[in-house]
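Engineer: Quick one: the structure is below, and I'll ask about it shortly.
Any read-out appearing in this document is the output of simple, stated calculations on the displayed coordinates, not a laboratory observation. Remember, predicted model here, so these are calculated numbers, not experimental data. All Cβ positions, even for glycine, are placed from backbone atoms using ideal geometry, and neighbour counts span all protein chains on display.
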Amino acid sequence: MRALVTGVAGFIGSHLACELIKRGDSVIGIDSFTDYYPRKIKEKNIESLREEKKFSFIQADILETDLSEILSRVDCCFHQAAQAGVRKSWGKEFEIYVKCNILATQRLLEEAIRSKLPRFVYASSSSVYGTVEVLPAREDTLLNPLSPYGTTKLCAENLVSLYQQNYGLSSISLRYFTVFGPRQRPDMAFHRFIKAGLKGEEIEIYGSGKQTRDFTFISDIVSANILAAESNLCGAFNIGGGYRITLLEAVREIEKAIGKPLKIEIGAEQKGDVQDTSADITKAKKELFWSPKYDLSAGLSLQVEWMKDNLL
Ligand SMILES: NC(=O)c1ccc[n+]([C@@H]2O[C@H](COP(=O)([O-])OP(=O)(O)OC[C@H]3O[C@@H](n4cnc5c(N)ncnc54)[C@H](O)[C@@H]3O)[C@@H](O)[C@H]2O)c1
C-alpha cells in the first residue's frame, strides 16, 4: 500500500509508519512538530524512518499545505495528527485544539474527496465517551465528552462520518483507549511514572488513584490501523486492551517492571479527567478480526527497557 501518515513524528504515527515500512509499504509522513512536547523527541521518533528509501517526510502543517497532490499519490490516509492531551485543552489553548483537531481534519477530508482517496483511517479517542453509565462502553453508547479535547475529537469523528455519508468517502474511526509503550508521550502517566521511578524521584498521581483505565499497547494500536485500512468497514470501533485497572494497580505493575517501589504523592483531581474508561471490544473482534496481543506487564517491560535506553 502507499500510505500517508499524518502526525508521523508523534508517538503513534511513528510506530505505525515503521510497521508499514517493515511490511514493504511506501509511506509519506507529514508532521509540523507542534510544540506540545520537545521537537528533539519527535526527531528521534523518525530518525530510523528517514533512512528508509520507501519513506518520505514532509515537514508541514496540514492547514498550510497543498494536500491534494499528496493525497492523489496514496491508497490510504492514516490521520494521527492532533493536539493531544486533556488537561491543556481548557482556556486559551483551546484554539490550538480547534485548529489541529477539527479544522485540520476538515481540510484533509475535503482534499480526500477531491483526490478520490480510496481509504481514510481516523485516530479517534476514548475521550469521546466522557462519563458513561454502563461499562465497558460500547460504540453505540451516548457520547458525552468531559473535556474540550474530547469534544474536538468527537467533532472530527462526526466530520469523518459526514464525509462518508455525503460523499461516499470510505472511512473508519478507531477509538483508542490510553495507549502505552516505547515512545509514549512525555506528558502521559506511564512515561512520567517510569521516568520518576528510574531516577528515584517522587511521582504525583492526579486524584485518588482509584480511577480506572483500559490500557492499550502500541503494537495493538498499529495492528488495528492496518486491519482498518485493509477492510472496507465504516463507523467507529473501540480499540482497547480489554482489561480495566486502577491507576494504583498500574503503579504496582510499574514497580514490578522497574524492580523498585515508586514514591507517590497524591495530587489534585484534574478537570476533564474521566473517572473510568473501559472498552467493549466485541465489535472490533468480530468485524475487524482484531484483538489485543499484549497484556499490561508485557507492554510495560518493553516501555521500561526503551526508557532506560533513551531517557536517562
Ligand atoms: N496516545 C494516546 O493514548 C491516545 C489515545 C486516544 C487517541 N489518541 C489519538 O492518537 C493520535 C496520535 O496521538 P499521539 O499520542 O501519538 O500524539 P503525539 O502528540 O505524539 O503525535 C501527534 C503528532 O501530530 C503532529 N501534529 C499536530 N497537529 C498537526 C498539524 N496541524 N499538522 C501536522 N502535524 C501535526 C504533532 O507535531 C505530533 O507529532 C492523536 O490523534 C490522538 O488524539 C491518542
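Engineer: Between D187 and R252, what length comes free when the chain is fully extended (0.36 nm per residue of separation minus the Cα-Cα distance, one decimal in nm)?
Structural biologist: Computed gain between D187 and R252 is 21.4 nm.
Engineer: Next question, about the same structure. Roughly how many whole Å is it from the C-alpha centroid of the stretch 11-71 to that of the stretch 216-286?
Structural biologist: Answer, in whole Å: 24.
Engineer: Separate question: Can you give the relative contact order of the chain as a percent, counting alpha carbon pairs under 8 Å and 6+ residues apart?
Structural biologist: It rounds to 18 percent for the chain.
Engineer: In deg cm²/dmol and to the nearest 500, what is the mean residue ellipticity at 222 nm of the chain if only DSSP H runs of at least 4 residues count, each as -39500 (n - 2.57), divided by the residue total?
Structural biologist: So the helix-based figure for the chain works out to -11000 deg cm²/dmol.
Engineer: Still on this structure, please answer the following. Can you tell me what share of the DSSP beta bridges in the chain is antiparallel? A percent to the nearest 5 is fine.
Structural biologist: Rounded to the nearest five, the antiparallel share is 5 percent.
Engineer: Can you bin the stretch 223-277 into rounded, prolate or oblate? Criterion: square roots of the alpha carbon gyration tensor eigenvalues sorted a ≥ b ≥ c, rounded for a/c under 1.5, prolate for a/b above b/c, oblate for the rest.
Structural biologist: Details: a/c = 3.82, a/b = 1.87, b/c = 2.04.
Since a/c reaches 1.5 but b/c is at least a/b, the shape of the stretch 223-277 is classed as oblate.
Engineer: Here's something else I'd like to know. Which whole-number percent gives the relative contact order of the stretch 113-161, counting Cα pairs below 8 Å spaced six or more residues apart?
Structural biologist: That works out to 38 percent.
Engineer: Anyone know which of G235, G29, G181 comes out most mobile in the 10 Å Cα GNM of the chain?
Structural biologist: G235
Engineer: A further question follows. Ranked highest first by average number of other Cβ atoms within 10 Å, how do 150-161, 207-218 line up?
Structural biologist: Highest-to-lowest ranking by the protection proxy: 150-161, 207-218.
Engineer: Could you order peptides 62-68, 264-270 by the average number of other Cβ atoms within 10 Å of their residues, highest first?
Structural biologist: 62-68, 264-270
Engineer: Moving on to the next point. Which of the peptides 133-140, 226-233, 237-244 is most tightly packed, and how do the rest follow, judged by the mean count of other Cβ atoms within 10 Å per residue?
Structural biologist: 237-244, 226-233, 133-140
Engineer: Still on this structure, I have one more. Report the residues of the stretch 1-42 in range of a label on L311: point 7 Å along Cα→C-beta, backbone N strictly under 14 Å from it.
Structural biologist: 11, 37-38, 41-42
Engineer: For the modelled label position 7 Å from the Cα of E110 along Cα-to-Cβ, which residues of the stretch 50-65 have backbone nitrogen atoms closer than 19 Å?
Structural biologist: Answer for the stretch 50-65: 60-65.
Engineer: What share of the DSSP beta bridges in the stretch 176-312 is antiparallel, in percent to the nearest 5?
Structural biologist: 20
Engineer: Say each of W90 and S56 gets a label point 7 Å from the Cα, pointing the same way as Cα to Cβ; how far apart are those two points in nm?
Structural biologist: According to this spin-label approximation, the distance is 4.5 nm.
Engineer: Go ahead and set up a Gaussian network model of the chain, Cα springs under 10 Å, then flag whichever of I258, I194, I172 fluctuates most.
Structural biologist: Comparing I258, I194, I172 in a Gaussian network model of the chain, the most mobile one is I258.
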